Amino acid sequence: MGMESDSKKTKDSFNSGDSTRSLPFPDEVLERVLSLLKTSKDRSSVSLVCKDWYNAERWSRCHVFIGNCYSVSPEIVTRRFPNIRSVTLKGKPRFSDFNLVPDNWGADIQAWLVVFAAKYPFLEELRLKRMTVTDESLEFLALSFPNFKALSLFSCDGFSTSGLAAIATHCKNLTELDIQENGIDDRNGSWLSCFPENFTSLEVLNFANLTSDVNFDALERLVSRCKSMKVLKVNKSICLEQLQRLLVFAPHLVELGTGSFSQELTIHQYADLESAFSNFKNMHTLSGLWEATAIYLPVLYPACANLTFLNLSYAALQSDELANLLSHCPYLQRLWVLDTVEDKGLEAVGAYCPLLEELRVFPADPFGEEIINGVTEAGFVTVSYGCPRLHYVLYFCRQMTNAAVATIVQNCPDFTHFRLCIMNPGQPDYTTNEPMDEAFGAVVKTCTKLQRLSVSGLLTDLTFEYIGKYAKNLETLSVAFAGSSDWGMQCVLEGCPKLRKLEIRDCPFGNAALLSGVEKYESMRFLWMSACNLTVNGCRNLARKMPRLNVEVIKDNGSDDQAEKVYVYRSVAGPRRDAPPSVLTL
């Protein structure tokens, strides 16, 4: 629906009550103002100005973000916003990624799709995270929305490649199919052959995390037909020779996820691959590189000139391999690596990436007992000296010191996201054997813009006192194996005015800590607590005090009164009706 039609609806809604009432702003001015607001948060704020602005925002909004599928119902959403074309919807708690949420917990997309089919037949985009999506739902989606263009599934489960085949068969206008890190039944790669031979509209295709071999002939034909392909991320079954053939047909790529990078090539094949990459001077994102070997990395160098994001989280590179690659990436802003690069590799990050803003270092072997390789506080400190713009870090390591963290935040005081994961629970400062309290105290005291914090290591309540006192812009806090008493959690709940998400596991916090947040939870998106000292009666007291909250206890095999896992969230839809027997709704 175009702007002219939106304007008419807006005007009709204004005039329905009083035909003589004049507006403070003409419709065109309101529409112009709203068009400049890009975030849902800003648009929501505008809707509170007055009834006229509320109605204008209601009719003109085309995209809606729902951070918890049980915080609202699809019926409420469609009544509130009648002209939505794009929906982003999140389902299960984040700890479902760690198998802490039962498979049948809920978050099924089907009920939403049924309502959308009736109210949003013009829906074009659907982006789902941690939702349950069946093949039947994907087929229903493909058949119900004739103008559908974009589907993104991230960490979803319940479907197979048969569902993808339905999308490929029936979505004639599809421009984006993005399948990331899903619990998918990957039966075979024949789904790619289901795109009609006259289909040409695809611009984004990501199936990097599928495991089976794909029908390469079908993939090659598809890429050759889709002349506007900008993003292509294939899985590890695609070899280098096949990748070269795909690149020839996709000259406009700006994001590429390669397959396996270890095939033996002839001299002629190597030259062809090098030539293919030399044509991508404007590529800004590179990922994949499974099983990458040093001999083939130089073919990437011509395409690295303008890279801003390099994702090496599937490539176990050594330090010298990373250094050689980074020396060709002068504009890099985001870097994801495995800890196989070791501290020496991070020295190269500090030397070659002065514009770096985000660094994520993942463990290649998170369950290994011995420190055979990996990164330490030394590598992190080196990066902080060379990358003054760094403001987002996710750093997995097995040792850290208070002094190192203090140095890091002194060098990079603009951190908005600081996620330090010392992988051995309860690990102290290994040089002094002291708790890591002063490290995170330095983070919250120095980084006044901090929005997200993950703490780890040996921590007492002092850490949480620091957080409550200084982290006034904190929105998300993740805690595991930390704290001394209920006092720690109380400090956070009473001291962080902008807190929206609180994730706690394996901590000594109990009912008193839970109930200390009674006045806080309605302003938060959720609270998750597992393996803490909570009881069902304590959770029932919270539910009784705050009837507008959904308080869910996920039962395992513990005692009847023990609350092993507790999920608390605000909802305008009331208690959900699809909870399995293992979920007790209070």
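What number goes with the only condition from (1) free of Cβ contacts under 8 Å to residues at least 40 places away in the same chain; (2) closer than 24 Å to Arg500 by Cα; (3) hydrophobic (A, V, I, L, M, F, W, C); (4) open to solvent by 30 Å² or more (accessible area, probe 1.4 Å) that Cys62 does not pass? Failing condition for Cys62: (2).
Taking the criterion of being on the phi > 0 side of the Ramachandran plot and within 28 Å of the chain's Cα centre (by Cα), the only residue of region 406-454 that qualifies is Gly426. Residues in region 399-440 that are touching a residue at least 40 places away in the same chain (Cβ under 8 Å) and in a loop (DSSP other than H, G, I, E, B) were compared, and the one that is farthest from Ala364 (Cα to Cα) is Gly426. Among the residues making up region 423-443, those that are crowded, with 23+ Cβ neighbours inside 10 Å and either touching a His at 6+ places or on another chain (Cβ under 7 Å) or among the aliphatic types (A, V, I, L, M) (or both) are Met436, Ala439, Val443. Look at region 214-234: where a residue is under 20 Å from Lys172 (Cβ atoms) and without any contact (Cβ under 8 Å) to a residue 60 or more places away in the chain and a partner is open to solvent by 20 Å² or more (accessible area, probe 1.4 Å) and small (Gly, Ala, Ser), sitting 6+ places away or on another chain with Cβ atoms under 9 Å, you get Ala218/Ser190; Ala218/Ser193; Leu219/Ser193; Arg221/Ser193; Leu222/Ser193; Cys226/Ser201; Ser228/Ser201. Number of residues in region 380-398 that are in a loop (DSSP other than H, G, I, E, B), under 15 Å from Glu357 (Cα atoms) and either out of contact with any helix residue (DSSP H, G or I) (no Cβ under 7 Å at 6 or more places or on another chain) or open to solvent by less than 10 Å² (accessible area, probe 1.4 Å) (or both) equals 4. Answer yes or no: is there a residue in region 128-135 that is of a type in the set (Asp, Glu), under 30 Å from Glu552 (Cβ atoms), modelled with pLDDT of 95 or more and open to solvent by 50 Å² or more (accessible area, probe 1.4 Å). No: zero hits.
The single residue among Gly457, Gly517 that is of a type outside the set (Ser, Thr, Tyr), on the phi > 0 side of the Ramachandran plot, in a loop (DSSP other than H, G, I, E, B) and open to solvent by less than 10 Å² (accessible area, probe 1.4 Å) turns out to be Gly457. Scanning region 219-249 for residues that are closer than 11 Å to Gly259 by Cβ and open to solvent by less than 30 Å² (accessible area, probe 1.4 Å) yields Leu219, Leu232, Val234, Asn235, Ile238, Leu240, Leu243, Leu246. Annotation: of all residues in region 260-287 being modelled with pLDDT of 95 or more and in a loop (DSSP other than H, G, I, E, B), the one that is most open to solvent (accessible area, probe 1.4 Å) is His284. Considering (1) open to solvent by 60 Å² or more (accessible area, probe 1.4 Å); (2) within 23 Å of Gly67 (Cα to Cα); (3) not hydroxyl-bearing (Ser, Thr, Tyr), the lone condition that Leu477 does not fulfil carries the number (1). Suppose the filter is in a loop (DSSP other than H, G, I, E, B) and open to solvent by 20 Å² or more (accessible area, probe 1.4 Å); does Glu494 pass it? Judged against the criteria, Glu494 is not a match.
In summary, Ser137 fulfils each of the numbered conditions (1) within 30 Å of Leu240 (Cα to Cα); (2) assigned to a helix (DSSP H, G or I); (3) of a type outside the set (A, V, I, L, M, F, W, C) with the single exception of condition (1). Contact map, region 482-493: first residue more than 11 Å from Asp437 (Cβ to Cβ), second residue modelled with pLDDT of 95 or more and basic (Lys, Arg), Cβ cut-off under 9 Å, separation 6 or more or different chains; pairs are Cys491/Lys469. Tell me yes or no: at least one residue of region 152-161 is touching a Lys or Arg at 6+ places or on another chain (Cβ under 9 Å), of a type in the set (A, V, I, L, M, F, W, C) and open to solvent by 50 Å² or more (accessible area, probe 1.4 Å). Yes, that holds for at least one residue. Criterion first (in contact with a strand residue (DSSP E or B) (Cβ under 7 Å, 6 or more places away or on another chain) and either at pLDDT 95 or above or in a loop (DSSP other than H, G, I, E, B) (or both)) does Asn550 satisfy it? Yes; evaluated as a whole, the condition is true for this residue. Restricted to region 480-491, and to residues there that are part of a helix (DSSP H, G or I) and open to solvent by less than 20 Å² (accessible area, probe 1.4 Å), the residue that is farthest from Val566 (Cα to Cα) is Cys491. Quick check: anything in region 93-100 among the acidic types (Asp, Glu) and either crowded, with 16+ Cβ neighbours inside 10 Å or outside any helix (DSSP H, G or I) (or both)? The answer is no, given that none of the residues of region 93-100 is among the acidic types (Asp, Glu) and either crowded, with 16+ Cβ neighbours inside 10 Å or outside any helix (DSSP H, G or I) (or both). Whether a residue is part of a loop (DSSP other than H, G, I, E, B) and more than 22 Å from Ser228 (Cα to Cα) was assessed, and Pro146 does not pass this test.
The values are calculated or read from the model by the stated rules, or taken from the named source; none is laboratory data. For clarity, every value in this text was computed on a predicted model and none was experimentally measured. All Cβ positions, glycine included, derive from the backbone under ideal geometry; neighbour counts span all protein chains shown. Note: accessible area is taken over every heavy atom of the protein model, side chains too, but ligands, DNA and RNA are not part of it. Shrake-Rupley method; radii C 1.70, N 1.55, O 1.52, S 1.80 Å.
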